[in-house]
Amino acid sequence: MSSSFMAVERRESKCLFCSACCDIGVRLGPAATSQPDYPATGDGRVGICGRGHYVVELLSHPQRLTGAYVSGNGKKELVRTDEGIRAVSTRLKELGMGSHIGVIADGNLPCEALAGLAQFTKDVLKSDNFSVYIAPVDQAVLEGTGATQAASFGLTDLASCDVILAVGDPFSTVPVMAKSVEDARNAQRGNRLIVIDSLLGRTAKYSTDHLAVKPGAEGVVLAAIANESGAAGELSEALKGRTATSVADVAGFPAAAISSAAQAVKGAKKLGVIIGLAEGATDDPRSVALIAAAMAEAKGGGVVPALSYGNAVGAFRVAQSVAAVPPGKLLKEAASGTLKGLLVFGKDLLRDFPADEWARALKNLHLLAVALPIPGRISDIANATLPLGMWFEDEGTVIDFSGARSEIVSLMDPPGTAATAMGLAAAIAAEVAPASTLAVELTAEDLMARKSGEPADMLGNLDNLAGPAESGAYLLVPCQSSLNSYDGWLTLACTWGSLADGRPVARIHPADLAESGLAGVDTFTVAAEKGTLELIAKADDRVPRGVLAVPCHIASRSGLIGKGIDDASGALRTGPVSVKITEKAKAE
Amino acid sequence: MAETQEIKKKVICNIDRCIECKTCASACFYGHQLTPAVGYGEMPIVASPVICRQCEDAPCVAACPVDAMARDDQGVVHRKRFLCIGCTSCVYACPFGVIDRDLSFHTVGKCDLCRDRLSEGLEPRCVTSCPTNALSFAEYEEVEKDGLMVIGGRVAGQHPIKRR
């Protein structure tokens, strides 16, 4: 046997499955024998979590695109990538360059790729319709925290806090954060971990104070805590008059517990604030993030946005730097027929919110070209699907939640004729504008944080809580996302263990189940404004009364929690929705 | 030939720190060519990893009719992949229920403490990858010195299930 047959090469890069951007190692072996490896990070040991391990599977994923799909004459044909590029370029030339062509780039691409695609849009396509897609909740949280001057905390900073205030379930979004938070909580008697989460998630299980408020009441409770603790900072005037007593009814939680949390914040020597909201868990994540960050700023502490996108911070800063338009603007223009062509890099828009609006708008386009590593739902309606390399096959700069920059390196080449986003853009540019160049140089200034607005102007209506629309209705609330790969296939698992992994399970309080006359029912039909879903019924007393808790991937991909486009910002909005449940009709 | 001694170090889970993220299960899955050996105990309050205790007098070794279960030079009880016929005798023999059937390969999954890594002086994958340091690879005596009780191979506080 040749020794090179079993040669194993060890490579290291960064994991972009969440905003912690951990070090990741891979031992590249023949065929599908690659294994994860663990970079020597000293005592930190925050290497690869359950999500990061999935990289190994993606290295040899059977569905990876190695050529392009081109649609024509009612058929979809697999062709070489250069033929796919030519088909897209020909269509672009027919449509002509200008602002009727748009580009949407996935926020998990490296900063250089995002800046390069912005330049491609401006110089080659002669358009100002460049957009960066960041998960709506991540976008809102970054806008909220970016409006304050609160310091960004890393894991080491968190470990030395005496009071940590977490909103949502950050242990599920960023599992490696747990060690630092646990260290902080256990460092000294009296240290507090205050968790504001309507559901009992992983973080809440470790809390010293769990404020299980009504879904959507996170903002109003934070306002009371900020006001009572004297930590409202720039928002003092806007939050004036809110006390634990005045918000207790709205929050559905005892005033004494809210006051106790406020006293802990008041006495904090070092306050760490973590925002780990699930997509759609609350109607106004921007206000929640804004108040939380203002508290951190006022107390001289720091804020940690636990985001689902690896390079969300970098993408947000690049989008600010190049004055990118929100994806909602392109969606509206596509729906109205103003936008004729759309190039999408790395994002399956039909898998995200609000699915029905996207689907209707995209069907109006004369050209829809998408670049994806694995074909998605959008490929079915796209004129061309180009093979895209994944982040571990790309190079560039990423920024983690603490604002630290790091370089990712390519673990291996993209498969077949697949290419990176910049590679595909350059190939299209060579066809439609041969004289153009796409040399991108990012400066440090481009990646600096910019203030995203005036705090008081950005505060939403905190009292406008979503609630069941009528009697007999429930509030559908998504559980936090917790991607894992322990069963060998990436699952978007619910917080509560494997029972809900990948399966459409809805959890409801046993008393609600009994009251609704659905006790003993196996499957619910859940009806919302945007459609219906069939979900396996589970009674669970960890779910508050009046709430139907659903794994976030079920909630988001069904499009039920999509609430359209925010007219002011053009951002996509999600939030809890009112639903009615009935027993699934039995087949005849 | 004298019989090899059991390995003194065990994988021990501190459920005060485990957040049920199942990273250990992922690490085991990919480290053992899709035949994982880390199981998960689902209980009303917690779900935590259940890992082979590497028994002193291992019933799985005695139960195996084809000598696929054996103790190696390092003292690790492991399964010889090509000898295993998937009869599941070891599954029934295991007093802790930590050996599981592998329905894909018609064999069983058995923790070998990542022998390939042990020989390089490294810890098992589940321990190295644990994001919260809930898992440790240590001797029971070391753990007891820290004032923690060892209950069924796991380290807990005053109550075996409920966290402190």
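Go over the candidates B:80, B:10, B:22 one by one and state the one that is within 21 Å of residue A:51 (Cα to Cα) and either modelled with pLDDT under 85 or more than 14 Å from chain A (Cβ to nearest Cβ) (or both). Step through it out loud before you land on a result.
On the way: B:80 fails: within 21 Å of residue A:51 (Cα to Cα); B:10 fails: within 21 Å of residue A:51 (Cα to Cα).
Sole residue among the options that is within 21 Å of residue A:51 (Cα to Cα) and either modelled with pLDDT under 85 or more than 14 Å from chain A (Cβ to nearest Cβ) (or both): B:22.
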Pick from segment A:539-567, criterion at pLDDT below 80 and at positive phi, ranking: surrounded by the most Cβ atoms within 10 Å (Cβ to Cβ):
A:559
Sort out which residues of segment A:397-409 are buried (at least 17 other Cβ atoms within 10 Å of the Cβ) and under 19 Å from residue A:25 (Cβ atoms), and write them in order of number.
A:398, A:400, A:408
Looking at (1) of a type in the set (Val, Ile, Thr); (2) closer than 25 Å to residue A:287 by Cα; (3) in a helix (DSSP H, G or I), can you tell me which one residue A:156 breaks?
(2)
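Among the residues of segment A:394-436, which ones are in a helix (DSSP H, G or I), under 27 Å from residue A:142 (Cα atoms) and of a type outside the set (Gly, Ala, Ser)? Write out each step before concluding.
First, pick out the residues of segment A:394-436 that are in a helix (DSSP H, G or I): A:421-432.
Applying the additional criterion that residues be under 27 Å from residue A:142 (Cα atoms) yields A:421-422.
Residue satisfying the conditions is A:422 alone.
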For segment B:75-98, name all the residues that are in contact (Cβ under 8 Å) with a residue 24 or more places away in the chain and closer than 23 Å to residue A:35 by Cα.
B:76, B:77, B:78, B:79, B:81
Please identify the pairs in which a residue from segment A:292-318 that is within 20 Å of residue A:23 (Cβ to Cβ) and modelled with pLDDT under 95 has its Cβ atom under 9 Å from the Cβ atom of a residue that is assigned to a helix (DSSP H, G or I) and of a type in the set (Ser, Thr, Tyr), counting only partners at least 6 apart or on another chain.
A:306/A:172; A:306/A:173; A:307/A:173; A:308/A:173
Among the residues of segment A:219-237, is there at least one that is at pLDDT 90 or above, within 14 Å of another protein chain (Cβ to nearest Cβ) and touching an Asp or Glu at 6+ places or on another chain (Cβ under 7 Å)?
no
Scanning segment A:437-463 for residues that are hydrophobic (A, V, I, L, M, F, W, C) and outside any loop (DSSP other than H, G, I, E, B) gives A:447, A:456, A:458
Would you confirm whether or not segment B:28-48 contains a residue that is away from every other protein chain (no Cβ under 14 Å) and either at pLDDT 85 or above or assigned to a loop (DSSP other than H, G, I, E, B) (or both)?
no
Quick one: how many residues across segment A:159-197 are closer than 20 Å to residue A:16 by Cβ and either part of a loop (DSSP other than H, G, I, E, B) or out of contact with any Gly (no Cβ under 9 Å at 6 or more places or on another chain) (or both)?
4
Got a number for residues in segment A:421-465 being surrounded by 13 or more Cβ atoms within 10 Å (Cβ to Cβ), within 30 Å of residue A:149 (Cα to Cα) and hydrophobic (A, V, I, L, M, F, W, C)?
9
Qualifying residues in segment B:106-146 (those that are more than 14 Å from every other protein chain (Cβ to nearest Cβ) and polar (S, T, N, Q)) - the one surrounded by the fewest Cβ atoms within 10 Å (Cβ to Cβ)
B:119
Would you mind finding the one in A:378, A:374 that is surrounded by fewer than 17 Cβ atoms within 10 Å (Cβ to Cβ), hydrophobic (A, V, I, L, M, F, W, C) and touching a helix residue (DSSP H, G or I) at 6+ places or on another chain (Cβ under 9 Å)?
A:374
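The values are calculated or read from the model by the stated rules, or taken from the named source; none is laboratory data. Note that the coordinates shown come from a computational prediction; the quantities given were computed from them, not determined experimentally. Ideal geometry is used to build each Cβ from the backbone, glycine not excepted, and the neighbour counts take in all protein chains shown.
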